[in-house]
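The values are calculated or read from the model by the stated rules, or taken from the named source; none is laboratory data. Every value quoted in this text rests on a predicted model; they were computed, and no experiment measured them. Cβ atoms come from the backbone with ideal geometry, glycine included; neighbour counts cover every protein chain shown.
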Amino acid sequence: MLEFINNKMKKIILFLSLIFLFNSYIHSQKNYASDVENLLSKMTLDEKIGQMNQYNGFYDATGPEPLSGENRDKFNNLKNGQIGSMLNVRGAEQVRAFQRIAVEETRLGIPLIFGFDLIHGYKTIAPIPLAESASWDLEEIQNSASLGAKEATAAGINWTFAPMVDISRDARWGRVMEGAGEDPYLASLIAIARVKGFQGKDLSSNFTLAACAKHFAAYGFVESGRDYNTVDIGLNTLHNIVLPPFKAAVDAGVRTFMNGFTELNGIPATADSYLQREILKKQWGFKGFVVSDWGSLREMIDHGYAKDRRHAGELALNGGSDMDMESSIYLDELKNLIKEGKIDVEQIDDAVRRILLVKYELGLFDDPYKYCDITREKKITGSNEIMNGALEMAKKSIVLLKNKNKLLPLKKNGQRIALIGPLAADKNSPLGNWRTAAENNSAISVLEGLRKYDGNEIIYSQGVKLVNKIPDGFHEEVKLNLTDKSGISEAKKVAKNADLVIMVLGEYGFQTGEGRSRASLDLPGFQQELLEEIYKVNPNIVLVLMNGRPLVLNWSSKNIPAILETWHLGTQSGNAIAQVIYGDYNPSGKLPMSFPRSVGQVPIYYNHKNTGRPGADGEDTGSVFWSHYQDEKNTPLYPFGFGLSYTSFRYSKVKLNKNKLIKNDSDELVASVKLSNTGKIKGKEIVQLYINDKYSSSTRPVKELKGFKVIELEPGETRNVSFKINNKMLEYYSSKNKWESEAGVFEIFIGTNSDTKRKESFELVL
C-alpha cells in the first residue's frame, strides 16, 4: 500500500513539475507586443519620457523622504512616474521601498527596473572577467554569471551592466580587467556564456536578470590606452574585430546594450546612428533597448559635438540611445525638442516600447516585488553553492607561466616556507575592482589559504608596502608607496633561512578598472627591487602574481623558476591559489591577452597583419629594412593562448582528411592531431585551432583563432583531437563591405598556444 502511495505521489510531483516547466516555457515565449501597445496608448508624453530616465539611488527609501534640493526634485519625479529605472539601489528592502512608490503611487503603476554593475559577483566575488576568460571554460563562466545573478536578484537587482564585450589589445587600458581579452572568437563565445548565465532560459525567473552588452562600440581601442580617449579605426577592424562579440550577444538574446564614453571616428558613441540604428537595431534586429553610459549625453558637450544640453538630447535620441543614465537631459529637453521639430514622437515611442518590453519579459508587471524577498536574500547571499562556485572558477582561472625543474607543486610537509610580499596577507586587493557590494577585506588571503595546509611552516613578511592608504572606494586614486623600503632587510632574513620562498606581488585591486590606465606595465612601487633582493639570498622562488592586466615580466621570466598568474580571483582567492600551489588542482588556464616584453610594444596581439616587409618569419634578415624594433623583439614575452600544466603534452603533426574544401554550406574537412599526456599526472590541455587566409581582397591576420577543445588526459593516455572546418569559418568582412569567404589557400594551425608552427594547407574552391 505504501509503495502504491509513493508511486502515486511521484506521478503527481512529475505532473506538477511538467506543468511548471510548461508555464515557464509559455511565459518565456510570450509575445508582449499587444501588452506594450496597450500600455503605451495610455501614457502621456511626460510618462513616456520618464521611462527613458534613469537615476542613481538618491536617498534611503526606508527612511524619511527628502525635503528639499535635487533629491526632492528626483523624489517628485519618482512619484509622478517620470523615472523608468534606477541604478545602485540594492538590498531587497531598499528595492521594495522604491518599487512601492512607482507601482502604488504613480498614475499607471509602471514598475522600475533596477540596474547594477554585477561585473564578477555581487557580495561573493568571483574572479575578474579577464581572469575567468583565462579558463577558456565556457560552462564554468556561464555558471559563474548564473550564480552572480542568483545572489544579486536575491538583493532586488534585475538588470546588470554586464558583460563588457569590448576587445582590447592594449594592457595600459585599465578596463581590460572587465573583458575577455584580445581575441574576437574567444570573446564572442564568452559573451554568449555570460549572457546565458545572467538571463538563463527564462528571463521571468526570480533568479535571472537582464544582461547588458557594453560598450557599443570600440571603447577598448582608446588611443594610448588612456580611458575615455578618442577612438579612430577603420571599417575592417570595426567589423572583423570589434563587433563580433556584440553580434554574438544579440544572437544569444541579450536584452540591453550600453554605448560608450568615447567617440568613434569623430562621433560620440552615444549619438552614433550608424552603430545604434543602422547596425544594431536594423541589420541585427535587436529588440531590446540601449542605455547611455553614466552622464555620456552631457559629456558630448565636452567632446565638442553638442552645443548644449538640448542639442545633446537631440543628438542622442536621433542616434539611437533609448535611456539616459544620470544626466536628466531627456527629462528636461525632449518635450522642447518635439515642439521645435528636432525629434519625432515616434522615436520616443520606439524607445519606450523597447524599455516596456524588457520589463514585461522580466515579469515585473506580473509581480513587481518578485525580487524583494528579504528571507531569500539572507538565505542565498554567501551560500555554500555560491562560495563553492567562486572557488571552482578561481582555480580554473590560474595560469602557470613557468615551472623550471618542476618546482611546483610543492610538497605538503617538512618545509620551511617564507611567504613575502605586500599582497601575501592582503584580504582586500584580491577582490579586484568593480566589487561595489562586497565587504572590504572579505577575501581569503594567500597566507590564510596556505596555512590550511599545516604540514609546512609558513613565515610571513610583508617586505614593502604597496600602497600608503587603502582607497576608500571606486572613485579614489591609488596612492602608491614610493618612499618606504624599510621592510626589505627583514624580508631578506626570513627568506635566507627558508627552504623556498613564495612571493605575492602585483597590482593593488583598484589599480585596474575604469579610469585606471597606466603608462608603465612594470610591477608598481618597490616590488621589483624587493623581488631582486630576495633572489640574492634565496633564488628558490615561486612568484604569485595578482594583477588585472598583462604586465612586463622580463626579469622574472628569466630568473624566477616558477611563476603563477593568478589575477584578482575574488572571495576565494587564497584557497584557490593554495590548492594550485600544493597540487590539489592542476592548473590549465591559458592567457586571453598577450604579455609584452616592453610597454613600447603595446598594443601587441597575436592576430596582427603582415607588413610588406615582415622579415624571415619575424626574425633578423641581415639588414635593417624590415618591420622591427632596434631594441626589442617583435614577439610577446608570453603569447595569447599560453599556459603550462604540472604534466606535459605532446602533439602529433596536423592531418587533414582532404586538401580541398568546396565553397558551399554543406562541405567540410576535418583537421586533427594526436594529443598525448607524457607526464605523470592527469591534466587538461586546451587544444587551439588557428587559420590563416594566405591571400584575399583585403589583407588578413597571420592567424585567427577558430576553435578550441578542453581535453583531459590520464598519464600515458593519447587521444585524437579533431576539428571540422567549413566555409562559414572562413568568412570575414571583406573589402566589398560584406561578410563572405573567398576562394584561395588557407593554413591550419593546431597547438598549445597562438605561437604554434604546426600546420597544414588546404584550398577553398568554388
Which residues, taken from segment 741-766, are under 29 Å from the mean Cα position of the chain (by Cα) and of a type outside the set (Gly, Ala, Ser)?
Ile748, Phe749, Ile750, Thr752, Asn753, Asp755, Thr756
Test Pro614 against the criterion of being in a loop (DSSP other than H, G, I, E, B), under 29 Å from Ser383 (Cα atoms) and over 19 Å from the mean Cα position of the chain (by Cα), and give yes or no.
no
Could you tell me which of the residues Thr160, Thr153 is more than 20 Å from Gly432 (Cα to Cα), of a type in the set (Val, Ile, Thr) and buried (at least 24 other Cβ atoms within 10 Å of the Cβ)?
Thr153
Mind checking which strands (runs of 3 or more DSSP E) fall wholly inside segment 401-480 and carry at least 1 residues that are out of contact with any Lys or Arg (no Cβ under 7 Å at 6 or more places or on another chain) and in the same structural domain as Glu507 (by TED's automatic domain parsing)?
416-420, 457-461
Which number in (1) farther than 21 Å from Leu423 by Cα; (2) surrounded by fewer than 24 Cβ atoms within 10 Å (Cβ to Cβ) marks the one condition that Pro539 misses?
(1)
Return yes or no: is Glu346 without any contact (Cβ under 8 Å) to a residue 60 or more places away in the chain, buried (at least 20 other Cβ atoms within 10 Å of the Cβ) and assigned to a helix (DSSP H, G or I)?
no
Would you confirm whether any residue within segment 620-635 is hydroxyl-bearing (Ser, Thr, Tyr) and under 25 Å from the mean Cα position of the chain (by Cα)?
no
I'd like to check something: does segment 423-445 contain any residue that is more than 27 Å from Gly148 (Cα to Cα) and touching a residue at least 24 places away in the same chain (Cβ under 8 Å)?
no
Could you grab the pairs with beta carbons closer than 8 Å, sequence gap of 6+ or different chains, first residue in segment 292-321 and in the same structural domain as Cys212 (by TED's automatic domain parsing) and acidic (Asp, Glu), second one in a helix (DSSP H, G or I) and surrounded by fewer than 17 Cβ atoms within 10 Å (Cβ to Cβ)?
Asp308/Ile301
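This table checks each residue for (1) surrounded by 24 or more Cβ atoms within 10 Å (Cβ to Cβ); (2) at positive phi; (3) outside the structural domain of Arg518 (by TED's automatic domain parsing).
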{"site": "Gln572", "(1), (2), (3)": "yes, no, no"}
{"site": "Ile577", "(1), (2), (3)": "yes, no, no"}
{"site": "Ser588", "(1), (2), (3)": "yes, no, no"}
{"site": "Leu591", "(1), (2), (3)": "yes, no, no"}
{"site": "Ser594", "(1), (2), (3)": "yes, no, no"}
{"site": "His628", "(1), (2), (3)": "no, no, yes"}
{"site": "Asn634", "(1), (2), (3)": "no, no, yes"}
{"site": "Leu637", "(1), (2), (3)": "no, no, yes"}
{"site": "Gly641", "(1), (2), (3)": "yes, yes, yes"}
Looking at this structure, is Glu326 assigned by TED's automatic domain parsing to the domain that holds Lys247, under 15 Å from Tyr55 (Cα atoms) and of a type outside the set (Gly, Ala, Ser)?
yes
Residues of segment 77-121 being basic (Lys, Arg) and out of contact with any strand residue (DSSP E or B) (no Cβ under 7 Å at 6 or more places or on another chain), in sequence order, are Lys79, Arg96, Arg100, Arg107
Tally time: how many residues in segment 216-259 are of a type outside the set (A, V, I, L, M, F, W, C), within 27 Å of Lys287 (Cβ to Cβ) and in contact (Cβ under 8 Å) with a residue 60 or more places away in the chain?
7
